Every structure is written in C-alpha cells, then in structure tokens.
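Peer 1: For reference, the structure I am asking about is given below.
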Amino acid sequence: MNNHPPTIDRRHFLALAAAAAATAQARGARGAASSPSIQPAPTGDSHRGPCVIASGNGMETVELAFDLLTKGTRPVEACVRGVALVEDNPNDMSVGLGGLPNEEGIIELDSACMDGPLHKAGSVGALQNIKNPAAVALEVLRRTDHVMLVGEGALKFARRMGFKEQDLHTEKSRAAWARWRANLNPNDKWLDTDQIINFNEPAWQSSDAQGGGLSSPRFYSLPLATPEKGPRGRAGERVPSSSSLPRAPWGRAGEGVPSSSLPPHITRDSHGVLHTTGTIHCSATNANQDVGCCTTTSGLAWKLPGRVGDSPIIGAGLYCDNAVGSAGATGRGESVIQTVGSAWIISAMEGGMTPTEACLAACKRIVDRTREPRFFDDNNRPRFSVTYYAVRKDGAYGSASILKGGQAAVCAGGKAVRLQSEFLYE
C-alpha cells in the first residue's frame, strides 16, 4: 500500500471542501451530484492525549474502555471489554445477543480486534451460538498463529477456550425474522433479474483507461440462466403464510417497538419489518500513544447464510498501526471491503490528513468507486451510507459519514460525549 492516498491528497481535499459549498461535483457518467456538505473539522482534530472513540451505540463502551486504559489495560483489550457491553445488550439488535439473523433465521456473528504494539490481529466470521465474538477474536490473536477463524472452526475454537454456547435469539429478534419472512422479497439480498451484471455488455466495460468511469452503465436480464422471482420469494420457493409463522408478541407490524425508540442503524420498511446495518467499532490510544481497536457485529439483517461483512476483515472494518493510529467502520460492509477503508484511512493520516479529513476522504472514495446505478437515487445521491471513526496516536480523533446522521461516542476522560459525524450528503 502506498503511504499517500492514491486519489486525493490533503491540498486537493481542502480545496474541494472550500468549493463544495458553491458547486456540485461531477461523478463520471452519472453526471452532476448533489453538493456534498463538507463542514469545518471539529475540535476532535485538535485534541491530544488518551482517547477512545466508538460508533454512536457505544457511549458506555468508551467510558469503560477509557477507565480501563487509565488502569493500565492494553488498548485492544480495553476495546474488546468495552464492546462486550453492547454484545450483551439484547436491546441492541445489531450486535451479539438479540442480533437480527440471516435469511434462514440463524444469527451469525463477526468480529475482529487488532493490537498496535504487536501489529497483530485476531478475527472470527460467521460464528454461531457465542454472544461475545470479540472476546473469541482476542483469543485468536493471543493464542494462535492465525488471524481469522470462521464458521464451525471458529465455534470449535470458542468451545476449547471455554466460551459457553447459547441461543442468541430474543423474542424480538425471532419475531422480526418471522415478520421479514412473511413479507419476503423487497429487502432480500438477491438482485432482481433486471439488476444482474453482464460483464460482456459494452455498458459494463470501462471506458476510462484509468478505470475511473463506465460508458452509460445499465442493467440487463439473463433470459435463461436466472430464475424469475415471484411476488413473494425466489423461484420455486414456497413462502409460508403468516399464519404458519410465529407471531410477534406485539401483534401486527409497527406495534410493540416504537420507531422513535430505534437507534439510527435500525429502520423499518413499509411492512414494519426491522432492518439493520449496525455494528460497533471502538478505537483507543493511551498515554504511551499505543493504539488498539475492535469491531463486532451480527452483520447485515437477512443476509445470505455465510455472508461475512467488513467487520472481521483486517484493513476493511478496522485497522491500526502503532506508528499512526487506529480506524474502523460501520454501515454498508461491502463498500468498505471493496475500498479497504480502514487501512486507507491510516495511510491518509500517515500522509498528513487529520482524522476527520481522512474519514471524509474515505467516504468520498467509496462514492467515487460505486458504479452500480441501483445505489443512487434520481438526484445521484447515494442510497446507502458508511460511517468511519479514527483516532491518531497522539489523541486527535474524528468521524465522517456518506450521509448525514452518523454519530460517534468519544471519551477523553470523564463522561462520554456524542459527536455528530461530518458528512458528504444531506
């Protein structure tokens, strides 16, 4: 990896920030986008000293992790113990106990952690029946010469380490899956036949020698190779009637869990079905300027069985370098993976960007490299978001999102504060 970001340097980024308020940017064949909202860097970039930053659902996480740092706990371990508070919380339906399951109703958890001083990582993917995957990932780091264990192998390892198996479902998560299953189709993870990509079509062949654009991208339909999807479910699949599914304890969709009480990463569709892309990331730096990080999640709601997102992938969902700092992500994991987001942020900070600048630039990098029209609305505004979090080894910190609404929890001593993430689009 180059030490300097390949597509945007600090001088260009600051110039872009000044110009963005007045003009919209062109994005290849999609034409002019709505004007990004790039605001002045918050005070986090000027902070120095020990600091813990996490996603917005980690207010208690950062306070515990910071307290542990002051008592000499290694940053990576402080982060792992901090995120366990969210993993143990059945009311957070994006992490650990009570997380929303895959399309077959099975909760599969992903997590990773990384230690700055040793530059060593541990990771688990598609782990079932263990509510604290971050702690399992830490044991992979501590006890093995591997980085990642997945599926049944990860579960066997957890058993050997003394972790107890349990049913991770709660009444709410089980009922949410039943509700989704009864209304299957609009929010499943199978592309519709008119969205499947045909690499042989000229529309999907790059027209830019630098790989920076596509000629009039459009989608197509495979006439024979792809089965048609019925109005409720995939071809050949009988979707059970709602009467044969377990009913939510609160009855009809929309009852029992008020939308106003849901965190930002959990939403409802038109049927009242819950959907989440939530995760918790935590990064820390201590008084010695040693860094560590952890990311843990139940993954994308209703995902295909075996899907692994960015959270357990070193360099994507998290990354740290003791010479620079630490970073991590929440949101659409596929976009983070395909841009190696967290490692890129570390490289950007090493090249001179502040944490906030690096997070914003990483968000812009995702948008610039997203080529499928289905991810943009009629105004060329992204339909998805990613939030990044970063802390430099000296204690400077920042967070940014593609869309407005991202939040970070920060503790630099005393009570945690909630930071509204900088953003590209309203």
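We did not get these values from a lab; they are worked out from the coordinates using the rules stated. This structure is a prediction, so every number in the text was calculated from the model and none was measured. Quick reminder, even Gly has a Cβ in these numbers, built from the backbone with ideal geometry, and neighbours come from all protein chains shown.
Peer 1: Suppose R0 equals 30 Å; then what is the FRET efficiency for ALA323 and THR43 from their Cβ-Cβ distance, rounded to the nearest 0.05?
Peer 2: For ALA323 and THR43, the calculated efficiency is 0.80.
Peer 1: Highest mean first, how do 75-83, 63-71 rank when packing is the count of other Cβ atoms within 10 Å averaged over residues? Working shown, then result.
Peer 2: Working: 75-83: 29.7, 63-71: 19.9.
Ranking the peptides 75-83, 63-71 by packing returns 75-83, 63-71.
Peer 1: Rank by packing, highest mean first: peptides 309-321, 141-153, with packing defined as the count of other Cβ atoms within 10 Å averaged across residues.
Peer 2: The packing order, highest mean first, is 309-321, 141-153.
Peer 1: A further question follows. For the peptides 282-291, 155-164, 414-423, what is the packing order when you average, over each peptide's residues, the other Cβ atoms within 10 Å and list the highest mean first?
Peer 2: On the way: 282-291: 24.4, 155-164: 15.0, 414-423: 17.2.
Answer by packing, highest mean first, reads 282-291, 414-423, 155-164.
Peer 1: Which lysines does LYS189 reach when only Cα atoms under 21 Å apart count, and residues fewer than 8 places away in its own chain are ignored?
Peer 2: Counting by Cα, and skipping residues close in sequence, LYS189 has these lysines nearby: LYS229, LYS303.
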